[in-house]
Amino acid sequence: MIKTIVITGVTGALGSLTAKTFAAQGHSLVLLAHDSNKLDSLARELNLPNERLFTAAIDLRDGGAVQSAGQAVSAKFGRVHGLVHLVGGWLGGKTIPETSVDDFNSMFDQHVQTTFHLFQAFMPLLAESGWGRVITVSPSTVPNPVAKRGVYTAAKAAQENLMLTLAAELKESNVTANIIQVKAIDVESKGTGTTPEEIVAAMVYLFSEEASKINGARIPLY
């Protein structure tokens, strides 16, 4: 069955590979990103027919913009079967007293606000589909925080909590939500972390029927 999958953060290496992989499997894609030029470039590279692609250059921190995108996606595709949320940067290297309020707010906006807005907009469409998968990527340090990453780890912990809540709230709708945990994303394959290819392979498995019993899990991919 052709599924409709929402992917954020598609202008990065992991997001781009995720989009290309699921496009190659024949699925319809909803690509959300802040950088319109990079988004347009990826859309051209994918070369999908119009009926299989929806793109929107929006700021996911803007709840109204995300709701509007959700309504447009509903009008075009009807339902959504997947949400892969890959937006969010990293700030670190400072102790808590050294960290500015602006850095604190930045991390929570990128990781928590964006997740909350996406869930509000797309959870109803996932529930209506009767089949769905939600995936985020998170650091392995969330359960055991390390020094000088306080606001980043705290924001990712809050995001994980929202994911686990979604897993509980949609489990009766045959929708799963899982967290892939990595120590680092090794974009250049230097052996310093988990490669985008390894992460996407795990996503592909989670989107399979064989993974239907995996829900609300933190999957250590490191």
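Please treat every number below as a calculation from the coordinates, not as lab data. Bear in mind that the values here come from a model prediction, so they are computed numbers and not experimental data. Cβ: placed from backbone, ideal geometry, glycine included. Neighbour counts: every protein chain shown.
Could you list, in their original order, any pairs among Lys3/Lys213; Lys156/Lys213; Lys3/Lys190; Lys38/Lys183; Lys156/Lys183 whose Cα atoms are separated by more than 22 Å?
Long pairs (Cα-Cα over 22 Å): Lys156/Lys213; Lys3/Lys190; Lys38/Lys183.
When we measure straight from the Cα of Lys94, which aspartates and glutamates land under 17 angstrom away, once same-chain ones fewer than 8 places off are left out?
By straight Cα distance, Lys94 reaches Asp102, Asp103.
Using the Cα atoms as the points, what is the convex hull volume per residue of the chain in Å³?
119
Report the label-to-label distance for Lys213 and Ser173 in nanometres (one decimal), using points 7 Å from each Cα along the Cα→Cβ vector.
The answer from the label model is 2.4 nm.
If contacts are Cα pairs under 8 angstrom and at least 6 residues apart, what is the relative contact order of the chain in percent?
Once divided by the residue count of the chain, the mean separation gives 18 percent.
Order by neighbour count: Ile219, Ile2, fewest other Cβ atoms within 10 Å first, most last.
Lowest count first: Ile2, Ile219.
Quick one: if you stick a label point 7 Å off each Cα along the C-beta vector at Glu45 and Ala184, how many nm between them?
So the label points at Glu45 and Ala184 sit 2.3 nm apart.
Rounded to whole Å, give me the distance from the Cα center of segment 8-47 to that of segment 64-92.
Each part's Cα centre sits 13 Å from the other's.
Between Val204 and Trp131, what is the spin-label point distance in nm, taking each point 7 Å from the Cα along the Cα→C-beta axis?
Roughly 1.8 nm, to one decimal.
Seen from all sides and averaged, what is the projected area of the convex hull of the Cα atoms in segment 123-222, in nm²?
Result: a mean projected hull area of 6.8 nm².
Exposure proxy check: Tyr205, Tyr152 ranked by fewest other beta carbons within 10 Å?
Tyr205, Tyr152
Apply the Karplus curve 6.51 cos²θ - 1.76 cosθ + 1.60, θ = phi - 60°, to the phi angles in segment 172-183 and return the couplings in whole Hz, x for Gly and Pro.
So the Karplus estimates, Gly and Pro as x, are 6, 9, 6, 10, 10, 9, 9, 10, 8, 9, 9, 7 Hz.
Can you pull the semi-axes for segment 72-167, root of five times each eigenvalue of the Cα gyration tensor, sorted largest first, whole Å?
Result for segment 72-167: semi-axes of 30, 13, 9 Å.
Just flag the GluC sites (Glu not before Pro) in segment 117-222 sitting in loop per DSSP whose Cβ has no more than 12 other Cβ atoms within 10 Å.
Here the GluC sites (Glu not before Pro) that fit, given the DSSP loop and packing criteria, are Glu188.
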